[in-house]
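One structure is given below, encoded as structure tokens.
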Amino acid sequence: MHESCGVCGVYAPNEDVARLTFFALFALQHRGQESAGIATTDGKRLQVYAKMGLVSQVFSEESLSRLTGDIAIGHNRYSTRGSSRAINVQPIVVGKGSNTMAIAHNGNIINAEHLYAELCDQGYTFKTSTDTEVIANLIISSPEKEWVDKIRYAMRRLQGAYSLVIMTNHSLFAVRDPFGVRPLCLGGIDSGWAIASESCALDHIGANFVREVEPGEIISISDSGLDSYRGETSRRALCIFEYIYFARPDSVINGQLLYPARQAMGARLSEEYPVGADLVMGVPDSATAAGVGYAFKSGIPLGEGLIKNRYVGRTFIEPDQRIRDLGVKLKFNPLSQMLDNKRMVVIDDSIVRGTTTPQVVRLLKKAGAKQVHMRICAPPIRYPCFFGVDMATRQELIAAHKTVDEVRDFIGADSLGYLSIDGLIKAVALPKDVFCLACFTGDYPIPVQLEMDKLALEGMSAGR
Ligand code: SF4
């Protein structure tokens, strides 16, 4: 399961804004590995450099040094297969003359097809197949004069998830949808401001975390200072997977460091599904903290059973079928001596299609584990996501059509326990109505048509 996209922005006259943005993107690499890009402005023109690849593959000393100016925005992209094309890299630039802007987007616009048709009827043309360009053209099409009013005009029409950074020749904007599905935060640096999907990016560039961009808020930063424009919000719906898996454990969301929240998920799993075992391990890296929590609460020793090859990522070298068949072996190497004849409790973040977990269980058993008891931080995922998470169709979701016992048999584990929704909410220690839990409950924060499932995966691609 992939979340899709990291965004960041820097407003700092007299600083090397492109370089700061580069390091912020580096810290957000986990949110998207398909393409990376930076746009800057010197007050007269917008320049963009964006390509397919990891941040370190895309930028060189030379490309960074050509991105001059006082303001920059950046983007890391993960996209669905059909939209994995160089044409869809971000940031994208739209407009003419003083009505020009660059934009980078994390999220998914549910009514993008409808807005796209409307904008085409008005004569707007599109260079990409992303919903981000729909947002951009909607803003540009606004009859309003001020940028803030143009963005507000677009926000009134947009449905779905969007955390945006927008740059004009003189201003930087941070925009978050009224539900706050994706995170976005504000930081201060010596001579300016920084915006990032996650606070870990602010830490890496020496920015102080100031606060989160509120759901429905527009923050505008220019030479006249920082202004905030709050919009109305009916309810909040932060994606719970930011807590379980997407965001880095050293990021702070809703005032909470994620590492201890994940530890608490493991501790809750231990209370809900105790089992006699010799060793607890979290599947690295996403379930490492939850493994620590389970071990601490249960009193079962914590160990490591799999070593992750951290550099496998997205290589852009297509593996042939024989190498593809290696599956998780490309990613994990088991520590046979640690596993030999052991009853293992293995914590993982989630089971989506059920393609990876059976391979993990097989790998551990083949390496000598006597028993494998799987414990999963996410409750059973029964409904697809329409808010930018590349998950699966309903038919592909294993928990949508198998009972927990059937999933246990399918993955080959000796026992299986999914954290309950209540247990998860207690672990994150925030009210339930702050979150989107739709992939567990089917209760979407805004109405979605089920046929969106197909559109979201095969039609117009999300900005992500
Ligand atoms: S449906 Fe699930 S994955 Fe999608 S935003 Fe809601 S909680 Fe996150």
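The values are calculated or read from the model by the stated rules, or taken from the named source; none is laboratory data. This structure is a prediction, so every number in the text was calculated from the model and none was measured. Cβ placement follows ideal geometry from the backbone for every residue including glycine, while neighbour counts extend to all protein chains displayed. For accessibility, only protein heavy atoms count, side chains too; no ligands or nucleic acids. Shrake-Rupley method; radii C 1.70, N 1.55, O 1.52, S 1.80 Å.
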task = Please go through region 351-372 and pick out each residue that is open to solvent by 10 Å² or more (accessible area, probe 1.4 Å) and either assigned to a strand (DSSP E or B) or within 16 Å of the ligand (Cβ to nearest atom) (or both).
result = Val352, Arg353, Gln371
The one condition in (1) open to solvent by 20 Å² or more (accessible area, probe 1.4 Å); (2) modelled with pLDDT under 95; (3) touching a strand residue (DSSP E or B) at 6+ places or on another chain (Cβ under 9 Å) that Tyr78 fails to fulfil = (1)
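Regarding region 186-196, can at least one residue be identified that is within 22 Å of Gly95 (Cα to Cα), open to solvent by less than 20 Å² (accessible area, probe 1.4 Å) and not in a helix (DSSP H, G or I)?
No, region 186-196 has no match at all.
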note = Restricted to region 64-75 and to residues being under 21 Å from Ala196 (Cβ atoms) and of a type in the set (Gly, Ala, Ser), the residue most open to solvent (accessible area, probe 1.4 Å) is Gly69
note = Those residues of region 439-454 that are more than 12 Å from the ligand (Cβ to nearest atom) and modelled with pLDDT of 65 or more come to a total of 1
key: Matching residues in region 324-350 - criterion: being part of a strand (DSSP E or B) and more than 22 Å from Ile244 (Cα to Cα)   = Asn333, Pro334, Arg343
ask   = Take the residues of region 236-261 that are in a helix (DSSP H, G or I) and within 16 Å of the ligand (Cβ to nearest atom): which is nearest to the chain's Cα centre (by Cα)?
value = Phe246
task = Exactly one condition in (1) away from the ligand (no atom under 16 Å from the Cβ); (2) in contact with a Pro (Cβ under 6 Å, 6 or more places away or on another chain) is not met by Cys436; state its number.
result = (1)
ask   = Arg375 fails exactly one of the following numbered conditions: (1) charged (D, E, K, R); (2) open to solvent by 30 Å² or more (accessible area, probe 1.4 Å); (3) more than 16 Å from the ligand (Cβ to nearest atom). What is the number of that condition?
value = (2)
ask   = Is it the case that Ala24 is in contact with a helix residue (DSSP H, G or I) (Cβ under 7 Å, 6 or more places away or on another chain), in contact (Cβ under 8 Å) with a residue 24 or more places away in the chain, open to solvent by less than 10 Å² (accessible area, probe 1.4 Å) and more than 16 Å from the ligand (Cβ to nearest atom)?
value = yes
message = Take the conditions open to solvent by less than 10 Å² (accessible area, probe 1.4 Å), within 13 Å of the ligand (Cβ to nearest atom) and β-branched (Val, Ile, Thr) and apply them to Ile219. Does it pass?
response = no
remark   = Inside region 152-174, the number of residues satisfying the requirement of being under 27 Å from Pro13 (Cα atoms), touching a Leu at 6+ places or on another chain (Cβ under 9 Å) and aliphatic (A, V, I, L, M) is 5
task = Mind telling me which of the residues Ile381, Ile347 ends up being within 16 Å of the ligand (Cβ to nearest atom) and under 19 Å from Arg262 (Cβ atoms)?
result = Ile381
message = If I ask for residues that are more than 20 Å from Phe26 (Cα to Cα) and open to solvent by 40 Å² or more (accessible area, probe 1.4 Å), which ones from region 40-56 would you list?
response = Asp42, Lys44, Arg45
key: Selection from region 5-16 of residues that are farther than 22 Å from Ser251 by Cα and open to solvent by less than 20 Å² (accessible area, probe 1.4 Å)   = Ala12
inquiry  = Against the definition (within 26 Å of Ala277 (Cα to Cα), touching an Asp or Glu at 6+ places or on another chain (Cβ under 7 Å) and away from the ligand (no atom under 12 Å from the Cβ)), how does Leu419 come out, yes or no?
reply    = yes
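Go through region 241-267 and give me each residue that's of a type in the set (A, V, I, L, M, F, W, C) and open to solvent by 50 Å² or more (accessible area, probe 1.4 Å).
Within region 241-267, just Leu257 meets the criteria.
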